Every structure is written in structure tokens, then in C-alpha cells.
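Trainee: Got a structure for you, written out below as C-alpha cells; questions coming shortly.
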Amino acid sequence: MARKQFDLIVFDWDGTLMDSTAVIVNCIQAAAKDLGLPIPDQKAASHVIGLSLQSAMEVALPGIDPKYYPRMIERYRHHYLNQDGSLVLFSGVREMLNDLSQQGYFLAVATGKSRVGLNRALDASKLLSLFDATRCADETFSKPHPAMLQELTRELGQDMKRTVMIGDTTHDLLLAQNAGASGVAVHYGAHTAAELQTLNPLYAANSVSELHGWLDANG
């Protein structure tokens, strides 16, 4: 069956495929508490999800002595690694990815996670074989710079105009806009529906099943 709009579907990871928003917020807050720094509130901590760790700490804790950012990253990783084994995929994600793969779409991940972190998550979730390519924030520019999508389309020989970026944050939608790809939002992750709608996504899904249905009908 001929695909309608897209050949390459690129997913964000945290808050889009994996239900990890609350854990990430808690780990950022715990890291700040460990170091006696101002503790970002839930909104500030969730807003930076999707950025590289360095960028995330700089945005979540602006104005502190820069020497603390590497220590924040170290403490964040300490807390996260103690919890990431309990993280789960959103309901319906595995079935959606299997279906899209069987339909012949190229599938990729563009994430603010490190390569080590994404590999751990892919291994734990047993999804590695479903993705044709992945990009992490420690391998290229952090979102919303267009590099992740530019590199993925080049690697897979795909047309940016037939590529869609799916994510739960404004960073994901800005990445799509900056690269010249389509952007689709999900409303069950880190950023609010109102924040996401300011960037006029092609579609916004309230659940994985809604996203799956839309891709089947329109992808």
C-alpha cells in the first residue's frame, strides 16, 4: 500500500514512547537538593525534558555558578540509573511500532538522552530491532537545532518533506520546523497542550492509540 505523506517517522523517546516524565522531573529535583541548589518546580523541570543534559541543567537552574552544572549532571545520572529499570513504555507503543515497521515505514529516534542512556532503554524495552537509525544529544546538536533530523534523513536516504517528527515537547516541534519536516504532538508527556498548540502541529494525539490511528489513516 502506498504511503500517504511520510516515508520516515521519527520519534522522541522520553514522554513520547516511554512513560518517564515524572521520573526525570524527580531526578532533576533530587540532584539540585543533593547539591544545596534551588530546586526547580515541576513546570521548570519538565520543560527541559528533551534537551541535552547540559542544556537542560542550564535552563532549569539559570544563574547558578557554572561549576555546578557538571555536578548536577552527575547527581541526575546517579538518581536516574537507580530508577530506569522500572520505567515502562506507554500502553500501545510496542504494537504501534511493530505495525508501522510491518507497513514498511523507516522508523527512527531523535532524543535528548545520551547514547549510553538510549542504548540501555532500547535494550531493556527490546525495541532496538524496530528502529532503522537513532540520534542522541551527545552525538550532535541538542534540540531544537535541526541537525538530528538532517543527519537521520541523510543516513537513511530520505526526503525531509516526507519525514515527520513526533514528540511531547515544544523542543521536538521546533526541531521539525527548523529542519523543514512535519511535526506531530502528543499531549500525554512533558509539555502542556496549550504550549504545543502554539507551534501548530500537523496533528495532536491524546494517547498512543490516537497517534497510531492517525498514522494508519494519514501517514
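Trainee: Are any of the residues in the stretch 54-64 open to solvent by 20 Å² or more (accessible area, probe 1.4 Å), outside any helix (DSSP H, G or I) and either farther than 23 Å from Pro144 by Cα or of a type in the set (Ser, Thr, Tyr) (or both)?
Mentor: Checking the stretch 54-64: at least one residue is open to solvent by 20 Å² or more (accessible area, probe 1.4 Å), outside any helix (DSSP H, G or I) and either farther than 23 Å from Pro144 by Cα or of a type in the set (Ser, Thr, Tyr) (or both).
Trainee: I've got another one for you. Could you list, in sequence order, the residues of the stretch 143-184 that are over 11 Å from the mean Cα position of the chain (by Cα) and of a type in the set (Gly, Ala, Ser)?
Mentor: Of everything in the stretch 143-184, those that are over 11 Å from the mean Cα position of the chain (by Cα) and of a type in the set (Gly, Ala, Ser) turn out to be Ala147, Gly157, Ala176, Ala179, Gly180, Ala181, Ser182, Gly183.
Quick grid of which residues meet (1) crowded, with 24+ Cβ neighbours inside 10 Å; (2) assigned to a helix (DSSP H, G or I):
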position: Ala124; (1), (2): no, yes
position: Asp138; (1), (2): no, no
position: Phe141; (1), (2): no, no
position: Gln150; (1), (2): no, yes
position: Met165; (1), (2): yes, no
position: Leu173; (1), (2): yes, yes
position: Val184; (1), (2): yes, no
position: Glu195; (1), (2): no, yes
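Trainee: Shifting gears a bit: Considering only the stretch 26-47, I want to know if a residue exists there that is within 13 Å of Thr111 (Cβ to Cβ) and surrounded by 21 or more Cβ atoms within 10 Å (Cβ to Cβ).
Mentor: No, the stretch 26-47 has no match at all.
Trainee: Pairs, please: C-beta under 7 Å, at least 6 apart or cross-chain, first residue without any contact (Cβ under 8 Å) to a residue 24 or more places away in the chain and in the stretch 205-216, second open to solvent by 10 Å² or more (accessible area, probe 1.4 Å) and hydroxyl-bearing (Ser, Thr, Tyr)?
Mentor: Pairs found: Asn206/Tyr188.
Trainee: Another one. Checking the structure you have, find out if any residue of the stretch 80-87 is open to solvent by less than 60 Å² (accessible area, probe 1.4 Å), part of a helix (DSSP H, G or I), of a type outside the set (A, V, I, L, M) and farther than 25 Å from Leu8 by Cα.
Mentor: There is at least one residue in the stretch 80-87 that is open to solvent by less than 60 Å² (accessible area, probe 1.4 Å), part of a helix (DSSP H, G or I), of a type outside the set (A, V, I, L, M) and farther than 25 Å from Leu8 by Cα.
Trainee: Can you say whether Gln54 is of a type outside the set (A, V, I, L, M, F, W, C) and at pLDDT below 90, as far as the supplied structure shows?
Mentor: no
Trainee: Ala181 - would you say it is of a type in the set (A, V, I, L, M, F, W, C) and over 26 Å from Val88 (Cβ atoms)?
Mentor: Criteria met by Ala181.
Trainee: Follow-up question, since we're still on this one. Do any residues in the stretch 103-114 that are farther than 13 Å from Met165 by Cα have Cβ atoms under 9 Å from those of residues that are of a type in the set (Asp, Glu) and crowded, with 19+ Cβ neighbours inside 10 Å, where the two are at least six apart or on different chains, and which pairs are they?
Mentor: Note: pairs meeting the criteria are Gly112/Asp12; Gly112/Asp14; Lys113/Asp14.
Trainee: OK, next. Does any residue in the stretch 15-34 that is free of Cβ contacts under 8 Å to residues at least 24 places away in the same chain and in a helix (DSSP H, G or I) come within less than 9 Å, Cβ to Cβ, of a residue that is among the acidic types (Asp, Glu) and open to solvent by 10 Å² or more (accessible area, probe 1.4 Å) six or more places away or on a different chain, and which pairs are these?
Mentor: So the pair list comes out as Gln29/Asp41.
The values are calculated or read from the model by the stated rules, or taken from the named source; none is laboratory data. What you are looking at is a predicted structure, and each value in this text was computed from that prediction instead of being measured. Glycine gets a Cβ as well: all are built from the backbone with ideal geometry, and neighbour counts include every protein chain shown. Accessible surface areas use protein heavy atoms only, side chains included; no ligands, DNA or RNA. Shrake-Rupley method; radii C 1.70, N 1.55, O 1.52, S 1.80 Å.
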